[in-house]
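Quick one: structure below, then a few questions.
The values are calculated or read from the model by the stated rules, or taken from the named source; none is laboratory data. Keep in mind that this is a model prediction, so the values were computed, not measured. Cβ coordinates were reconstructed from backbone atoms using ideal geometry, including for glycine residues, and neighbour counts include every protein chain displayed. Ligands, DNA and RNA are excluded from the accessible area calculation, which covers all protein heavy atoms including side chains. Shrake-Rupley method; radii C 1.70, N 1.55, O 1.52, S 1.80 Å.
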Amino acid sequence: MYKVYFKQALHILKQDRLISAISIIGTALAITMIMLVYMVQEVKTANVLPEIHRDRSMYLNMMDIKYNTGGRWRAMLKYEALKECLLPLKTPENISATVMLTDAVVNMEGSAERNTYQLRQTDDNFWKIYSFPFTEGKAFTKEDFDSGIPVVVISQKIAKEIFKGQQAVGKTIDINFIPYKVLGVVKNISMLCRYSFADLWIPYTSVPSYTNSMYNFVALAKHKNDFDAIKEEVLVNQKKYNAIDTTRVLDLNGPYTVSQMLLDIYSSEDAANEIKANTRRNILILVIALIIPAINLSSFSLSRIRKRMSEIGVRKAFGANKFSLIGQVLYENMITSLIGGALGFILSFIAVVSLRDLLLSDSLSVLQSGEFGLSMSAFFSLSVFLAVFLACIALNVLSASIPAFRASRLPIVNALKS
Amino acid sequence: MIKHILKIMKNEHKSNTWIMLELTLVFVVLWFCFDYLNLMIQRKTEPKGFDIEHTYAIDFGIKDEYKELYHLLSGKADNDTLTDIFVENSLRITEKLKQMPEIEDVCYSGNSKPYGFGNSYYSFKVDTVYAMALTKYVSSEYFNVFKIKVDKNPEYDWDNPASKQIIIGANDENNFGNRPIDEIKVVASGRDTLRIAGIANKFKYLDYERYSETAYLLMKRHKLIPYSYEGEISFRVKPSADVDFVDKFTNTIQDKLDIGPFYFINLTSYQKQKEAVLISWGYADNFKNIFFVILFIVINVFLGIFGTFWFRTQSRQSEIGLRCATGSSKKQIHGLIIGEALLMLVIASIAATIISLILGYYEIIGELGVPSVSKAGHFGIVHYLANYSVTIILLSIMALIGTYFPARQAMKIQPSEALRAE
């Protein structure tokens with residue numbers, strides 16, 4: 001039966017090539033639009049090397065402090081708050097703290113030629129939470145971190161530019177005029193991995209006065225369901241911390257998931273609203289992207305069905321019921337939707353790759369130089385294909401249900417008369 | 001003529017309902033896109049009160065051996081001999097920069113650079129009212145570097161650090177703390193009374209924001225440390241020298257600015273800084289999204305009108321044939337089809353404008369989390385006329401293009417063939 005429908009649908013597509021083309025283009029555009037929204041989000045939130053646990057990660061890098069004197073500050077996360085409230089957390093599988101990415105002056109030992117690179121000061125857990133592809137050597141260990149010895153992991157970019165391709169591990173480079181021993185070399189990291197990207201990674205304990213730095217904290221939950229439990233534990237620690245010194249109230253209001261971190265949340269009161277607003281915004285874009293083409297397609301399908309009245313009349317006269325007619329129209333339309341969907345997927349893929357800078361650039365990538373590589377695995381995931389398919393079905397139901405319903409209700413006499 | 005077209009539209013109401021529905025919906029969406037863009041363009045065209053062309057921010061680090069000392073000092077007041085190590089060396093850096101022939105002027109500021117990620121807001125008391133002002137701690141060269149015009153009060157010497165003075169800038173209504181800015185003589189900040197040393201031109205934090213009340217305070221000597229949020233050094237380059245300046249500067253400077261506790265890290269143009277801040281404030285994303293939405297709608301409207309009229313000329317072949325036979329010229333037939341599309345657009349636009357105005361009045365779009373122009377701005381009729389005109393012009397163009405091919409096809413119809421089908 002469906003084979004007949006399929007043949008018929010193809011035949012109809014061929015009959016009026018122009019309208020078929022318009023229908024397919026309309027569908028493809030809708031799918032492209034939805035996929036762009038989805039992919040731009042996906043690139044930043046899907047698990048990709050080295051941030052392979054984004055779905056289980058929570059971040060925190062801001063804090064609110066209210067003083068009894070009336071002052072109120074929103075500031076970057078300070079070491080004291082990190083040490084007292086976040087580093088003692090027991091619920092997460094692992095935790096790590098990283099100093100905000102900074103520019104560092106780097107030169108080969110003894111050489112005067114200076115270069116500026118992105119420096120990330122971190123701890124040993126960092127290497128367990130993220131999975132870095134090492135090409136040489138290894139990461140620094142807990143012992144290295146605790147003792148604060150000057151060791152560094154460098155990117156291939158530095159290995160190439162400073163060591164000119166010679167073996168780097170074991171050699172020494174000056175970072176901000178302090179000699180560091182190279183422990184390992186990792187592949188270049190895309191700037192889209194905003195929590196792990198850098199050119200150089202050192203233990204933050206190797207920098208004097210690290211207690212004055214500003215931090216980004218990450219907690220890796222054992223399971224996604226633990227997010228609330230982690231927040232709870234932070235609240236408990238925060239309460240204890242606020243009890244020690246009652247002249248001020250610390251409010252961490254976090255940590256946040258990766259997709260929440262993408263929203264620019266300026267104050268803790270904002271957070272919940274901003275998250276809701278973002279959801280509504282995405283729904284609105286989805287609705288616009290689906291409804292407008294659906295109206296077009298509905299109108300075309302209806303016109304087409306009017307042309308096929310006699311065929312429908314004959315089918316009815318021979319006993320086809322309502323549902324089989326609705327089924328036929330939806331099925332025929334689904335073929336257009338799927339062809340359009342496939343085309344839309346390809347278009348969105350081309351758009352993301354060619355408009356990468358426009359679509360994905362953030363304030364970090366504008367100011368810094370670095371790789372802006374896209375991980376293709378983010379595109380060819382099951383969830384992306386599923387999203388395309390769901391969008392196709394949604395569009396199909398939206399655009400074909402009214403015509404299908406109309407067709408099923410057509411009185412036989414009228415249909416045959418025409 | 002219009003009456004005649006209306007009659008045709010009524011007969012074709014089945015397919016017209018769809019295209020009218022689409023046009024109305026699309027008109028509303030476009031209206032709000034242009035509503036937002038309209039205001040943004042207005043704001044952008046207002047002078048923003050400063051000029052960042054040919055200006056650069058220079059970043060310094062503090063050498064590790066001085067770091068503990070720096071953190072010991074931070075927040076400490078004047079005349080500390082230890083502070084001198086930092087301040088003297090910092091002044092030496094600016095001296096060196098000033099000697100460079102390419103550089104016009106060099107200034108300090110404390111967490112106060114244009115397009116900075118961080119900003120300070122303080123309240124100043126004017127008579128009995130408080131003004132929450134964007135507060136900038138600057139050296140007096142700041143005004144030259146960023147070309148901010150100041151009407152200086154000749155009675156006061158802004159450059160004298162001992163005197164308690166302030167330079168202020170007004171908001172949109174030319175007020176500072178709800179008082180006309182020209183009438184203000186002193187403002188109070190904490191226990192201090194600050195005399196108005198001058199009035200600066202209106203300043204906006206970002207191109208697309210409104211003017212904000214601004215206060216400029218002379219930077220204290222012990223704050224002249226170009227590190228962290230404490231102090232920033234910015235400078236203006238002669239226009240003739242401003243070609244690949246970042247590279248040239250970095251190559252010539254190397255370690256020449258590593259003075260005392262400081263070392264040179266890098267140079268950033270304010271143009272780049274602006275780009276980054278516009279992204280971080282969401283403007284870049286808003287414009288991007290609006291662009292894609294408009295593009296999407298325009299293409300869809302074209303497809304919709306094209307498809308609908310294509311079907312129509314096919315199903316009305318015989319009618320068109322009859323028209324030809326009874327003496328209608330090709331032009332008239334073309335006009336009839338275009339007229340029908342435009343008339344539908346006009347009717348849809350009236351409905352859509354009413355819907356848009358109601359949605360705008362109740363601020364429903366803002367509630368949805370979409371960047372929208374809040375009612376607070378209250379625009380005159382000109383603003384709405386502009387929204388309407390741009391939207392309808394854009395859609396009319398699409399209608400003209402969309403009906404062109406179907407109309408041309410209709411004109412090709414041979415009366416004899418069409419009539420024979422009848």
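On average, how much accessible surface per residue is there in chain B, in Å², for a 1.4 Å probe, leaving out ligands, DNA and RNA?
48 Å²
Can you classify region B:192-293 as rounded, prolate or oblate using the Cα gyration tensor, where a ≥ b ≥ c are the square roots of its eigenvalues, rounded means a/c under 1.5, and otherwise it's prolate if a/b beats b/c and oblate if not?
Verdict is oblate for region B:192-293.
Between B:I355 and B:E53, what is the label-point separation in nm under the 7 Å Cα-to-beta-carbon projection?
4.4 nm
Kindly report, to the nearest 10 Å², the accessible surface of B:E417 as traced by a 1.4 Å probe over protein heavy atoms only.
Surface open to solvent at B:E417 totals about 110 Å².
Shifting gears a bit: Under 14 Å between C-alpha atoms is the cut-off here; go through region B:117-232 and count lysine pairs that meet it, provided they're at least eight residues apart or on different chains.
Lysine pair count for region B:117-232: 12.
Calculated FRET efficiency, B:N160 and A:T279, Cβ-Cβ r, R0 51 Å, to nearest 0.05?
0.40
Also: Can you tell me the accessible area per residue over region A:1-74, all protein chains present, probe 1.4 angstrom, in square angstrom?
Averaged over the residues of region A:1-74, the accessible area is 49 Å².
Could you give me the percent of Cα pairs per 5 Å distance bin for region A:41-189, shortest bin first, beginning at zero and ending with the bin that holds the maximum distance?
With 5 Å bins starting at 0, P(r) equals 2, 8, 14, 19, 18, 15, 11, 7, 4, 2, 1, 0.
OK, next. Just tell me how shielded A:290-301 is by partners: mean number of partner chain Cβ atoms within 10 Å of each residue's Cβ, no decimals.
Going residue by residue through A:290-301 and averaging, the value is 6.
What ³J(HN,Hα) values, in whole Hz, does the Karplus curve 6.51 cos²θ - 1.76 cosθ + 1.60 give for region B:268-277 when θ = phi - 60°, with x put for Gly and Pro?
10, 7, 5, 4, 5, 4, 4, 4, 5, 5
On a 0 to 90 degree scale, rounded to 10, what angle separates helix B:81-99 from the longest Cα axis of chain B?
Roughly 60 degrees, rounded to the nearest 10.
Separate question: Relative contact order (percent) for region A:54-266, with alpha-carbon contacts under 8 angstrom and 6 or more residues of separation?
35 percent
So what are the radius of gyration and Dmax for the Cα set of chain B, in Å?
Calculated on Cα positions, Rg and Dmax stand at 31.5, 106 Å.
Would you tally the net charge around B:D127, using a Cβ to Cβ cut-off of less than 11 Å, leaving B:D127 out, and scoring K and R as +1, D and E as -1?
Neighbourhood net charge equals +2.
What whole-number value in cubic angstrom gives the convex hull volume per residue for the C-alpha atoms of region A:72-127?
Taking the convex hull of the Cα positions in region A:72-127, it is 135 Å³ per residue.
Given a 1.4 Å probe and heavy atoms of the protein chains only, how would you sort B:E65, B:E12, largest accessible area at the top?
Sorted by accessible area, descending: B:E65, B:E12.
Under a 1.4 angstrom probe, counting protein chains only, how are A:R356, A:R114 ranked by accessible area, largest first?
Sorted descending by solvent-accessible area, the residues read A:R356, A:R114.
Sticking with this one: Excluding same-chain pairs closer than 8 in sequence, count the lysine pairs in region B:229-292 whose Cα atoms lie under 22 Å apart.
9
Oh, and also: If one takes the accessible area of chain B alone plus chain A alone and subtracts that of the pair, with a 1.4 Å probe, what total in Å², rounded to the nearest 100, results?
Using a 1.4 Å probe on protein heavy atoms, the buried area is about 4800 Å².
Placing +1 at every Lys and Arg Cβ and -1 at every Asp and Glu Cβ, with all other atoms neutral, what dipole size does the protein assembly as shown have around its Cα centre, in debye to the nearest 20?
Dipole about the Cα centre, nearest 20: 4680 debye.
Can you give the net charge of the other residues whose Cβ lies under 12 Å from the Cβ of A:V287, counting K and R as +1 and D and E as -1?
+2
Here is a further query. Compute the Rg/Rh shape ratio of chain A: radius of gyration over Kirkwood radius, all on alpha-carbon atoms.
1.14
Treating each Cα of region B:280-422 as an identical point scatterer and ignoring solvent, apply the Debye formula and state log10 I(q)/I(0) at q = 0.08, 0.12, 0.14, 0.19 Å⁻¹.
-0.35, -0.64, -0.78, -1.13
Could you pull out every one of the lysines with an alpha carbon less than 19 Å from that of B:K330, ignoring same-chain neighbours closer than 8 positions?
Within reach: B:K412.
Carbon and sulfur atoms: what percent of the 1.4 Å accessible area of the protein assembly as shown do they account for?
Whole-percent figure for carbon plus sulfur exposure: 59.
Moving on. Using Cα pairs closer than 8 Å and at least 6 residues apart in sequence, work out the relative contact order for region A:61-155, in percent.
17 percent
Mean separation of Cα pairs under 8 Å and 6+ residues apart, divided by the residue count of chain B: what relative contact order is that in percent?
25 percent
Here's a follow-up. Based on the alpha-carbon gyration tensor of region A:130-176 and its eigenvalue square roots a ≥ b ≥ c, which shape applies: rounded if a/c is under 1.5, prolate if not and a/b is larger than b/c, or oblate?
It comes out oblate by the Cα gyration axes.
Cut-off under 19 Å on the C-alpha distance; same-chain residues fewer than 8 positions from A:K239 excluded. Which aspartates and glutamates are left, in chain and number order?
Correct list for A:K239: A:D64, A:E80, A:E84, A:D228, A:D251, A:E269.
Another one. Could you work out the equivalent-ellipsoid semi-axes for region B:55-241, taking the square root of 5 times each eigenvalue of the Cα gyration tensor, largest first, in whole Å?
Three semi-axes, in Å: 29, 20, 15.
Output the DSSP H helices from chain A with an along-axis C-alpha extent of no less than 18 Å and a mean Kyte-Doolittle hydropathy no less than -0.5.
Length and hydropathy pass: A:2-15, A:17-45, A:227-244, A:268-307, A:322-354, A:382-409.
FRET efficiency for A:N212 and A:E113, Cβ-Cβ distance as r, R0 = 45 Å, nearest 0.05?
My answer for the efficiency is 0.90.
B:I184: net charge of surrounding residues, Cβ under 12 Å, Lys/Arg +1, Asp/Glu -1, itself excluded?
0
Another question, then. Could you name the aspartates and glutamates whose alpha carbon sits less than 16 Å from that of A:K44, not counting residues in the same chain fewer than 8 places away?
Straight-distance partners of A:K44: A:D55, A:D264, A:D357, A:D362, A:E371, B:D285.
Give the Debye-formula value of log10 I(q)/I(0) at each listed q (0.19, 0.24, 0.25, 0.29 Å⁻¹), with one equal scatterer per alpha carbon of region A:143-214, two decimals each.
-0.82, -1.15, -1.19, -1.32
Separate question: Taking 0.36 nm per residue of sequence separation and subtracting the Cα-Cα distance, how much length would be gained by fully extending the chain between B:E363 and B:H13, in nm to one decimal?
122.7 nm is the gain from fully extending B:E363 to B:H13.
Once you treat every alpha carbon in the protein assembly as shown as an equal point and sum by Debye, what is log10 I(q)/I(0) at q = 0.10 Å⁻¹?
Debye output, listed in q order: -1.17.
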